[in-house]
Amino acid sequence: MTNNVYPIVCEMLCDAKDLPDGMLTPDMPLYQLKLDSLDYVELMVLVKREFDLTLSAEMFVNNPNLTLGEMCQTLEEQRA
């Protein structure tokens, strides 16, 4: 991915879930990270703090196969 949201979001997720760097890929579905509801809330708070953008819970609930790349693309579109 060529945007600057993706590496920052990856760093947030790796820090939050104690994952090794380089484990995440844009085509990885978020469910593979085994995030629980608190992880999603933390992600929404971190995105709000870092980018001043809002991720809705509905986005995750309505898109169970949402990939990391798709989520970052949504954030990039909000920034534009």
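Here, each number is a calculation from the coordinates, and none is a lab measurement. For clarity, every value in this text was computed on a predicted model and none was experimentally measured. Here the Cβ positions follow ideal geometry from the backbone for every residue, glycine too, while neighbour counts run over all protein chains shown.
Which one, LEU13, LEU30, LEU38, has the greatest fluctuation when you compute a Gaussian network model over the chain with C-alpha springs under 10 angstrom?
LEU38
To make sure I understand, if each residue's beta carbon is the centre and we count other beta carbons within 10 Å, what order do CYS72, CYS14 fall in, fewest to most?
Working: CYS72 21, CYS14 16.
Result, fewest neighbours first: CYS14, CYS72.
Given [x] 27, 13, 12; [y] 16, 15, 13; [z] 39, 23, 10 as candidate values of semi-axes √(5λ) of the Cα gyration tensor in Å, which corresponds to the one derived from the coordinates?
Among [x] 27, 13, 12; [y] 16, 15, 13; [z] 39, 23, 10, the one derived from this structure is [y].
Per residue of the chain, what 222 nm ellipticity follows from adding -39500 (n - 2.57) for every DSSP H run with n ≥ 4, rounded to the nearest 500? All intermediate terms of the calculation are to be shown ahead of the outcome.
Working: 4 runs with 46 residues, N = 80.
Per the formula, -17500 deg cm²/dmol.
Set the Förster radius R0 to 25 Å, insert the Cβ-Cβ distance between LYS48 and MET28 as r into 1/(1 + (r/R0)^6), and round the FRET efficiency to 0.05. Mind showing how you got there, number by number?
Values: r = 22 Å, r/R0 = 0.90.
Step by step, r from the Cβ atoms, then E = 0.65.
Under 5 Å between amide H atoms, partner at least 5 residues away or on a different chain: which partners does MET28 have, H built in plane at 1.01 Å?
The answer is LEU68, GLY69.
Return TYR40, TYR6, TYR31 ranked ascending by Cβ neighbour count within 10 Å, so the fewest neighbours appear first. Intermediate values should be presented prior to the final figure.
On the way: TYR40 16, TYR6 19, TYR31 12.
So the residues, fewest neighbours to most, are TYR31, TYR40, TYR6.
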